[in-house]
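Right, one structure below, let's go through it.
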């Protein structure tokens, strides 16, 4: 497996960040609930494109765990912090469960549908994957991508044009990529609840109550299962600003332990 290119900002405790489905380092740089500039002033932020955006990549969460584990063990540090959004939060969670001695803390942003509520998502993703085409982006898939609610309305109001930039990036992959990413999502799910209840790693969970694509009920249940976890709600711009302080405090506490 080819190791993807790493984009590194800042210095200190390494924090490896994983983007969400249909996203990339470029799109995360356009919109993220976590301010990466502030983050990199406190830690060494390491980002990368899953499978190097390859159309033949294994985008199942198990496959992405192997890629992240290789990157994690290549970092010159005894421990790392893992963070990710949506699909990336699932990758981070699995990796922490399998490498608890290596992971110092977790930041999991807008966890995706999981467990019972994921069944409908899995079925939809498999239908989309089967209708994807290797030579062009079908109109139906363009419409699906255009219905995505990123960024939240409050973010778009403060940073006009963000939504348009994201759409262009999300429709710019190799056409064959869309089969791989949707198929990967269709065969993936969160770890069993019992595994989360045994996780002994400080965890910050960020949920958006207004995002139906990332049910707040999943974030709340994760919080109830993971012993050393906090849940922070983001529903408006003031919450977004408070989140940056929350992340800073969480990292300050974690890196001092």
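Between helix 216-225 and the chain, what is the angle of the helix's C-alpha long axis to the longest principal axis, kept within 0 to 90° and rounded to the nearest 10?
Result, in degrees: 40.
What number, rounded to the nearest 500 deg cm²/dmol, is the helix-based mean residue ellipticity at 222 nm of the chain, given -39500 (n - 2.57) per DSSP H run of at least four residues and division by all its residues?
-13000 deg cm²/dmol
Which label marks the calculated value of P(r) over Cα pairs in 5 Å bins from 0, in percent, given the options (1) 1, 6, 14, 19, 21, 18, 13, 6, 2, 0, 0; (2) 1, 5, 11, 15, 18, 16, 13, 9, 5, 3, 2, 1, 0, 0, 0; (3) 1, 5, 10, 13, 14, 13, 12, 10, 8, 6, 4, 2, 1, 0, 0, 0?
(1)
Just subtract the alpha-carbon distance of residue 217 and residue 192 from 0.36 nm times their residue separation and send over the number in nm, one decimal.
Separation in residues times 0.36 nm, less the Cα-Cα distance, equals 7.4 nm.
Need the C-alpha centroid separation for region 1-48 versus region 82-147, integer Å.
17
Nearest 10 degrees is fine. How inclined is helix 177-186 to the longest principal axis of the chain, computing both from alpha carbons?
That helix lies at roughly 60 degrees to the long axis.
How high is the relative contact order of region 1-111, in percent, counting Cα pairs under 8 Å that sit 6 or more residues apart?
32
Pairs of Cα atoms under 8 Å, at least six residues apart: use those to get the relative contact order of the chain, whole percent.
Numbers: 450 pairs, mean separation 57.4, N = 257.
The value is 22 percent.
Using alpha carbons only, how many degrees (0 to 90, rounded to 10) separate the axis of helix 87-98 from the longest principal axis of the chain?
50
Once R0 is set to 35 Å, what does the formula 1/(1 + (r/R0)^6) return for the Cβ-Cβ distance between residue 55 and residue 256, expressed as a FRET efficiency to the nearest 0.05?
Numbers: r = 43 Å, r/R0 = 1.23.
Efficiency for this residue pair is about 0.20.
Expressed as a rounded percentage, what relative contact order does region 108-229 have, with Cα pairs under 8 Å and six or more residues apart?
Normalised by residue count, the contact order of region 108-229 is 42 percent.
Jot down the radius of gyration and Dmax of region 207-248, Cα atoms only, both in angstrom.
Both quantities, over Cα of region 207-248: 10.9, 29 Å.
Provide the packing ranking of 236-248, 153-165, i.e. peptides ordered by the mean count of other C-beta atoms within 10 Å per residue, highest first. Could the numbers behind the result be given before it?
Details: 236-248: 15.5, 153-165: 13.9.
Going by the mean number of other Cβ atoms within 10 Å, highest first, we get 236-248, 153-165.
Grab the beta carbon distance between residue 172 and residue 235, set R0 = 35 Å, and tell me the FRET efficiency rounded to 0.05.
It comes out at approximately 0.70.
Given 10 Å bins starting at zero, what is the percent of C-alpha pairs of region 35-148 in each, up to the one with the largest pair distance?
Result returned by the calculation: 11, 36, 33, 16, 3.
P(r) of region 113-217 in 5 Å steps, Cα pairs, percent per bin?
2, 10, 16, 18, 19, 16, 11, 6, 2, 0
Quote the FRET efficiency, to the nearest 0.05, computed for residue 131 versus residue 26 with a Förster distance R0 of 22 Å and r equal to the Cβ-Cβ distance.
Once rounded, the FRET efficiency stands at 0.30.
Computed from the coordinates by the stated procedures, all read-outs in this text should not be read as laboratory data. Note that the structure is predicted; figures quoted are calculated from it, not measured. Methodologically, a virtual Cβ is constructed for each residue, glycine included, from the backbone with ideal geometry; neighbour enumeration extends over all protein chains shown.
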